[in-house]
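Single-structure report; data block below.
The values are calculated or read from the model by the stated rules, or taken from the named source; none is laboratory data. Computed from a prediction, not measured in an experiment: that's the story for all the values here. Quick reminder, even Gly has a Cβ in these numbers, built from the backbone with ideal geometry, and neighbours come from all protein chains shown.
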Amino acid sequence: MKTKTFLFTVISLFLLMGGAGCEKEALISDLYHTWKLEGIGDLSNNSFEKADPSNCENCYTITFAKDGMFSGFTASNTFYGEYQIEVTKLKVNNFTATKVFELGNGEKYSQAIPRIVSFETTKNELKLYYNEGQNYLLFNLLK
């Protein structure tokens, strides 16, 4: 009886560890899309500022590639860089952007990207947290 209980426990642990790895991979693969900024949130005062300008097709997008590179657009500029993921932590490296006069939230958006510390995804939304998790960029999946 002890042998059956021991085997059941060992098998259960292996299944749980294997499932955790799949969940991690699913979470990371959810990031590999192009996303459009909905707005900028502040958790300290529960405020949310809509992206401005909002009628620009390419404005405020970001694309995460599987090779650890990302690229995107602010309101007036382009940017790119590298990223690293560890579970839900996201670290931006080598952030580079053009420097043309920004419109609307462009400056705030471009300053937030290199300070990202973590992320979370749902089926159609992405939140990138920055300022030690006190602020976030909310994106919708671009179809």
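The residue of segment 73-105 that is surrounded by the most Cβ atoms within 10 Å (Cβ to Cβ), among those that are in contact (Cβ under 8 Å) with a residue 24 or more places away in the chain and among the small types (Gly, Ala, Ser), is ALA75. The residues listed here are ASN55, ASN45; of these, the one that is over 20 Å from the mean Cα position of the chain (by Cα) and at pLDDT 95 or above is ASN45.
Taking the criterion of being within 13 Å of ILE113 (Cβ to Cβ), part of a loop (DSSP other than H, G, I, E, B) and not β-branched (Val, Ile, Thr), the residues of segment 45-101 that qualify are TYR60, ASN77. Take the conditions (1) surrounded by fewer than 17 Cβ atoms within 10 Å (Cβ to Cβ); (2) outside any loop (DSSP other than H, G, I, E, B); (3) in contact with an Asp or Glu (Cβ under 9 Å, 6 or more places away or on another chain); TYR109 misses just one of them, which is (1).
Of all residues in segment 104-121, those being within 12 Å of the chain's Cα centre (by Cα), hydroxyl-bearing (Ser, Thr, Tyr) and under 15 Å from LYS36 (Cβ atoms) number 1. One residue stands out in segment 55-70 among those that are out of contact with any helix residue (DSSP H, G or I) (no Cβ under 9 Å at 6 or more places or on another chain) and touching a residue at least 12 places away in the same chain (Cβ under 8 Å): the one that is farthest from GLU120 (Cα to Cα), namely CYS56. Taken over segment 112-133, residues that are outside any strand (DSSP E or B) and closer than 21 Å to PHE95 by Cα amount to 7.
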